[in-house]
Amino acid sequence: MKPNDSNYHGQKANKAYFSVSQYKDFMKCEAMAMAKIRGEYKQPMTRALLVGSFVDAYFEGTLKQFMDEHPEIFTKKEALRAEFKKANEIIARVKRDELFMKFMSGEKQKILTAEMFGVKWKIKIDSYCEGVCIADLKVVRNFKSIPFWRYDIQGAVYQEITRINTGTRLPFYLAAATKEKVTDFDIFQIPQDTLDFALSEVSGNIERYAAVKSGEVEPAPCGECDYCKSIKSAGIRSYNELGGI
């Protein structure tokens, strides 16, 4: 199957292809990643994630559809909840900035696939400026939180899959805006040596993850994520584990 706008996030595509989000799931917990692939577990959509999706939808030109599909963003009086009023403020603020909008002016949600490190990958680029750069829109709590989300891995995979498809290695940028009371926003270029290191990390991990995904190797549970807690059985543990002694 070939991923498209309608099936990109579907179970069949997720079984057939690795994506950056799936790779990160395996990094967190192999058992959780496999449960998601099998359709046995769905990660709850938090309001924080919905705010980012709201802004994404605006730039994709699909905001009306997004609002129709997510009535939870409205109060009982059918007014936008505070978080999504903030999302509108973020949109209005970055729209006034020429540089920010230049990075968001590329082809929206461009889907590419390729084989890399022996497995098939799919990516969906927020803003593909052909021959110039790859830009990804991020709405974050603050700039200090950005490294936590390992966007270097996303940039490395996006850059390499694009290179395989086009023959050109493009720089990768984050067009980032914050949810702070006064929205901050900037364009962050991830340096090439950082992307190269992240890609080597993917190369080193993917063989095991592919073996787990194919059923050759049993997935290891992390024991700490929400999925692991949802399927656990009680055990007897030492009180001193809690660190209060």
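The values are calculated or read from the model by the stated rules, or taken from the named source; none is laboratory data. What you are looking at is a predicted structure, and each value in this text was computed from that prediction instead of being measured. Cβ placement follows ideal geometry from the backbone for every residue including glycine, while neighbour counts extend to all protein chains displayed.
The figures follow:
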{"quantity": "Qualifying residue in the range 179-201 (condition: in a loop (DSSP other than H, G, I, E, B), on the phi > 0 side of the Ramachandran plot and of a type outside the set (S, T, N, Q))", "calculated": "no"}
{"quantity": "Any chance Met27 is surrounded by 13 or more Cβ atoms within 10 Å (Cβ to Cβ), outside any loop (DSSP other than H, G, I, E, B) and over 16 Å from the mean Cα position of the chain (by Cα)", "calculated": "no"}
{"quantity": "The range 199-210 residues that are over 19 Å from Ile164 (Cα atoms) and in contact (Cβ under 8 Å) with a residue 24 or more places away in the chain, paired with ones that are surrounded by 19 or more Cβ atoms within 10 Å (Cβ to Cβ) and not charged (D, E, K, R) (beta carbon under 8 Å, 6 or more apart)", "calculated": "Asn205/Tyr23; Asn205/Phe26; Tyr209/Phe18; Tyr209/Tyr23; Tyr209/Phe26; Tyr209/Ala33; Ala210/Phe18"}
{"quantity": "The listed residue being under 30 Å from Glu180 (Cβ atoms), assigned to a helix (DSSP H, G or I), modelled with pLDDT of 95 or more and of a type in the set (Ser, Thr, Tyr), out of Ser53, Ser21", "calculated": "Ser21"}
{"quantity": "Some residue of the range 209-216 being more than 21 Å from Ile37 (Cβ to Cβ) and aliphatic (A, V, I, L, M)", "calculated": "no"}
{"quantity": "Ala135 of a type in the set (Gly, Ala, Ser), touching a Gly at 6+ places or on another chain (Cβ under 8 Å) and modelled with pLDDT of 95 or more", "calculated": "yes"}
